[in-house]
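Participant: The structure is given below, and queries will be raised subsequently.
The values are calculated or read from the model by the stated rules, or taken from the named source; none is laboratory data. Quick caveat, the model's predicted, so the values are computed rather than measured. Here the Cβ is made from the backbone with ideal geometry for all residues, glycine too, and neighbour counts use every protein chain on show. For the accessible areas, the whole protein counts, side chains as well, though only heavy atoms, and no ligand, DNA or RNA atoms are used. Shrake-Rupley method; radii C 1.70, N 1.55, O 1.52, S 1.80 Å.
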Amino acid sequence: MNAPLFSTSESLFGSLCREAQTLRGRAIQLAQALERCCDRSLRDRLGAESLQVLRRRQELLEVARAWQRQGRGHSLALELLVELSSRPIPVA
């Protein structure tokens, strides 16, 4: 039987990196929408979602840094996860 190309940890780090990048993209979309939005109710919902996205990004960053301190996982994958989780969100 063929061995898998990726280990479980590589798959986990890949999934977390994709999530971090997706969250950043959504945070950018939300920031742009909040800039243009005039409806109070919609602004409240967008703001709440934005806060939720930013909290999840922070959670990913904290987990990655904890794993780095503990020497867990692949250092390059952890560095990428830290980088993706800490990239700034540009606001026009």
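Participant: If only one of Arg26, Arg55, Arg40 is touching a residue at least 24 places away in the same chain (Cβ under 8 Å), open to solvent by 70 Å² or more (accessible area, probe 1.4 Å) and basic (Lys, Arg), which one is it?
Facilitator: Arg26
Participant: Only one of Gly14, Gly73, Gly47 is part of a helix (DSSP H, G or I) and modelled with pLDDT under 95. Can you tell me which?
Facilitator: On inspection, the qualifying residue turns out to be Gly14.
Participant: Scan segment 11-23 for residues that are closer than 14 Å to Ile89 by Cβ and open to solvent by 60 Å² or more (accessible area, probe 1.4 Å) and jot them down.
Facilitator: Within segment 11-23, Gln21, Thr22 meet the criteria.
Participant: Exactly one condition in (1) open to solvent by 50 Å² or more (accessible area, probe 1.4 Å); (2) in contact with a helix residue (DSSP H, G or I) (Cβ under 7 Å, 6 or more places away or on another chain); (3) over 18 Å from Ala20 (Cα atoms) is false for His74; which is it?
Facilitator: Every listed condition holds for His74 apart from (3).
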